[in-house]
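Before any comments, here is the structure.
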Amino acid sequence: MASSATRPDDAPARGLALDTIARVSPRPATRRTTTKSGVAPRTRCSACLLQPRLCVCRLIAPLALATRVLVLRHRKEVHKPTNTGRLAALCLSNAELRTFGGRDERFDDRGFFDPARRVLLLYPRADARELARDALDPRPVTLIVPDADWRRAQKLAQREPALAGVTPVRLEDGPPSAFRLRKHTDARYLSTFESVARALGVLEGEPVRAELERVFQVFVDRALYQRGQLAAELVTGGVPPLPERA
Ligand SMILES: [Zn+2]
């Protein structure tokens with residue numbers, strides 16, 4: 001369960017080099033959403049879906065990598081604040097979020113196959129081999145990543161005809177998931193963002209994984225703080241101050 005998941009580093013991660021993440025993104029637009037009670041509307045960033053004060057977008061300098069990441073996000077994930085495929089796309093300039101699962105909607109496989117690229121499906125299907133750089137094939141990779149609950153991801157990876165010809169790859173065993181925003185998840189299974197970060201660690205190098213995981217930890221901590229589930233002093237990089245009143 002997510003609640004029992006241990007963080008790789010249980011200590012409050014103070015002093016992380018957040019200043020290495022340049023402030024490059026303009027302040028994103030916000031949108032009004034309604035709380036569960038339906039009473040008090042509040043504003044959230046339209047990109048990361050955190051409250052404006054806690055928005056992580058300004059901490060993200062999108063990485064320009066050779067690997068193209070194509071996140072196939074199920075339509076049920078689109079509006080969930082806990083969805084992490086959204087955050088992955090914000091962190092990578094060469095990433096695309098594509099929605100699937102619409103009723104009577106044809107699966108959109110445009111651009112899947114490009115002879116100039118090695119196309120891989122990141123999903124631990126029975127025939128998947130461990131992701132590795134291919135010394136014999138120097139082409140950059142297009143990494144297709146299902147972003148859905150396990151049942152829907154499995155259905156997509158195993159039954160979608162458009163993916164039948166794509167080579168499936170899996171990640172080597174690693175530390176448990178540090179994702180703590182959803183109940184009833186198993187720490188053995190990684191969130192979409194963590195999967196992408198680890199895959200890019202293999203394909204692009206460990207500094208890329210480290211940079212992405214740093215953003216992820218800030219996002220998770222701020223989301224937990226927003227819910228009142230994490231003390232301010234334990235939030236990675238600290239909680240941004242309240243704006244001064246005029
Ligand atoms: Zn944001």
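A few points about this structure:
- Looking at ARG152, ARG58, ARG86, ARG44, just one residue is under 28 Å from PRO241 (Cβ atoms), at pLDDT below 95 and in a helix (DSSP H, G or I), and that residue is ARG58.
- Flag for PRO81 being touching a Leu at 6+ places or on another chain (Cβ under 7 Å), surrounded by 12 or more Cβ atoms within 10 Å (Cβ to Cβ), of a type outside the set (A, V, I, L, M, F, W, C) and in contact (Cβ under 8 Å) with a residue 24 or more places away in the chain: yes
- Residue check: THR67 meets all listed conditions (1) closer than 28 Å to PRO240 by Cβ; (2) touching a helix residue (DSSP H, G or I) at 6+ places or on another chain (Cβ under 7 Å); (3) modelled with pLDDT of 95 or more but one, namely (1).
- Just one of the listed residues (VAL166, VAL202) is among the hydrophobic types (A, V, I, L, M, F, W, C), in contact with a Phe, Trp or Tyr (Cβ under 8 Å, 6 or more places away or on another chain) and over 16 Å from CYS91 (Cα atoms), namely VAL166.
- Boolean, ASP134 is closer than 22 Å to LEU72 by Cα and either more than 13 Å from the chain's Cα centre (by Cα) or crowded, with 19+ Cβ neighbours inside 10 Å (or both): no
- Among residues of segment 47-59 that are within 7 Å of the ligand (Cβ to nearest atom), those with a beta-carbon under 7 Å from a residue that is of a type in the set (Gly, Ala, Ser) and assigned to a loop (DSSP other than H, G, I, E, B) at least six positions away or on a different chain give the pairs CYS57/SER25; CYS57/ALA47.
The values are calculated or read from the model by the stated rules, or taken from the named source; none is laboratory data. Keep in mind that this is a model prediction, so the values were computed, not measured. All Cβ positions, glycine included, derive from the backbone under ideal geometry; neighbour counts span all protein chains shown.
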